[in-house]
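Here is the structure we will look at.
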Amino acid sequence: MGKTTLIFILCGIILIGVAAIAGTLFLIHHKKKESRKKEIERLETEKNMIISPEILSELSQVEALINNSYLAKKFKDWNKRFNDIRDNELPKLTDKILELEVLLENNNFKELDFLYPKYELEVYYSKTKIDYLVEEIREITLSEQRNREVITRLKTIYREIINKYNASKNDYKEIGSSIELQFENIDKLLAAFESAMDKKEYENIGKIVKGVSNLVQNIKMVIEESPTIIFMGKVVIPKKINETRNVYKKMTKDGYNLEYLNIDYNIEEINKKLNDIIDRLKVLNLEDSIFELKTMLSYLESLYTDFSKEKTSKKLYEQNIFIINEKISRMFRLIKNLYAELNDIKSSYDLSDDELKLVEGIRKELVGLRDEYKILSDRTQTKIIPYSKLNGSCENLLIKITTVEDNLEMTLRNLGSLKEDEIRAREQLIELREILKSSKHKIRDYKLPMIPKKYYIELEEAGDAVEEIIKELDKKPISIKTLNTRVDTARDLALKLYNTCNETYKTASMAELSIVYGNRYRSSNKEVDAGLVKAEREFYKGNYKDSLEIAINTLNIVEPGIHKKLLGVYQD
């Protein structure tokens, strides 16, 4: 392929690329232009729909209805506003849309995109003014139909109200005249409505319809709610007030203080409110009446909870005050007995200053609790404090008493344990002496060729420890802490001696048994004979453990596992 051919090919590729880009740009431009054109056409359509046949029809209808100055004035104003939109605003909108079309033809998209939203908003603004004008006109043109429908519905409700009233007149005795007067007012307004409709006095019809609606809704509420208000205000609540007063008087007579409930004042306020509700009912004003009556009833019923609480509190108070008195009396008896024995305890036992201060502190706390109890008891006699509050104070006092009672019980246990520790120490002294005696007898009864030195050392230590116990028991006052330490030490040493005796006795017995058992092999085995001679020598020296070990190792020569066999023979 020649150089010229390559150049032609490259030029062709470049031309194709340029053509493709140009085509793409053309398509984008065309699509954008078509989109803007459709938007302008839609805006033209919206502008043309501003003056619709509907507005023209409504204006024609209202013109035919004019029979007074009010309607004539309203029509003139509406017509003026319509003409202003049609003759002034629409031509301007037409010019602006033409301006947008020119910009589109000139491909001035930047200016077009800037102006279009503004002109679109102006079109919608003019259309909104026309729509609002139509609604105003329809208030007149549709007035008869619309208001007739409302009045028809209100008449149906009104007839139902009258029927309900006539069916149960006895329930409305208190306000019958006011209800019937309201019926007359409604009848007059209904007649006024018909007159206004005949005369086409549309400026008054809306006010009349609204008046009828308000009166019907009010009388409906009166018919529905007033029997409940009358029954609650005349029967239920007065009866509840009498019952509450009777309970209040009886409980006060029985010694309950209920002044904190302010019952007399609150009942007086309830009666004032009841009179106000009944007075307002007579002029058919029921605003918040049922809510207020329910609130009164709820308050009166809540008083029974307070009464019940006071009765329960009185029972609990009487139980708790009795328990407090018993506990304080008991603790004073214990303190008295403790002080009576305290001198003997101090002379017998070495008490610390803290222990003595603790006893005195408990006594002082107990005196304070007794004073609190007396104050609480005196308050009960005055009958000026409610039992709920008295019982609260009573429960707080019980908590304090329980704390002091626990401290006293613990102190008594601690002091009582001093004598118990002394008795236990004397009992253990006897047991320790028996252990020492038993240990001595065991060593002597076996008649060992030599008693180990360890035995004499431990015997002396245990004996000295026992003597220390005796010395502590002979002291006055006794230090229980020291005594318990001496007892623990002596017990450990005595048990150590006892274990040493048992171990020595057992080891010596096993060693002797092993030697005796091995005598059968002496004549036939020189090695066994030599080993047993060595074992005997250690035995007579008092080295019973070494003797046993040598004897068993020697016997293992002729009888492997002999240790288990000898142990069995020893146990048998």
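The values are calculated or read from the model by the stated rules, or taken from the named source; none is laboratory data. Since the structure is predicted, the reported quantities are computational estimates derived from the model, not experimental observations. With ideal geometry, Cβ positions are generated from the backbone for all residues, glycine too; neighbour counts draw on all protein chains shown. SASA here: full protein model, heavy atoms, side chains in, ligands and nucleic acids out. Shrake-Rupley method; radii C 1.70, N 1.55, O 1.52, S 1.80 Å.
Structural remarks
So that you can scan it fast, the table gives a plain yes or no per residue for (1) open to solvent by 50 Å² or more (accessible area, probe 1.4 Å); (2) free of Cβ contacts under 8 Å to residues at least 40 places away in the same chain; (3) out of contact with any Asp or Glu (no Cβ under 8 Å at 6 or more places or on another chain):
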position	(1), (2), (3)
D276	yes, yes, yes
K282	yes, no, no
E292	no, yes, yes
K309	yes, no, yes
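- Summed over the range 253-272, the residues that are open to solvent by 60 Å² or more (accessible area, probe 1.4 Å) and more than 39 Å from the chain's Cα centre (by Cα) give a count of 4.
- Per-region count, the range 528-543, residues over 23 Å from K506 (Cβ atoms) and touching a helix residue (DSSP H, G or I) at 6+ places or on another chain (Cβ under 6 Å): 1
- Residue check for G255: closer than 30 Å to I270 by Cα, out of contact with any Phe, Trp or Tyr (no Cβ under 8 Å at 6 or more places or on another chain) and touching a residue at least 24 places away in the same chain (Cβ under 8 Å): yes
- Test: residue in the range 89-108 that is of a type outside the set (A, V, I, L, M, F, W, C), open to solvent by 90 Å² or more (accessible area, probe 1.4 Å), in a helix (DSSP H, G or I) and modelled with pLDDT under 80: no
- Listed by first and then second residue, the pairs linking a residue in the range 428-443 that is of a type outside the set (K, R) to a residue that is modelled with pLDDT under 80 and not in a helix (DSSP H, G or I), with Cβ atoms under 6 Å apart and 6 or more places separating them unless they lie on different chains, are I443/I451.
- Residue ID - nearest to K234 (Cα to Cα), chosen from residues in the range 151-161 that are over 54 Å from the mean Cα position of the chain (by Cα) and surrounded by 11 or more Cβ atoms within 10 Å (Cβ to Cβ): K155
- Restricting attention to the range 331-351, the residues that are at pLDDT below 70 and open to solvent by 50 Å² or more (accessible area, probe 1.4 Å) total 6.
- Residues of the range 546-562 satisfying the condition of being surrounded by 18 or more Cβ atoms within 10 Å (Cβ to Cβ) and within 15 Å of I451 (Cα to Cα): S547
Yes/no per residue for (1) at pLDDT 80 or above; (2) of a type outside the set (A, V, I, L, M):
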| site | (1), (2) |
| --- | --- |
| D529 | yes, yes |
| R537 | yes, yes |
| S547 | yes, yes |
| I550 | yes, no |
| T554 | yes, yes |
| K564 | no, yes |
| L567 | no, no |
| D572 | no, yes |
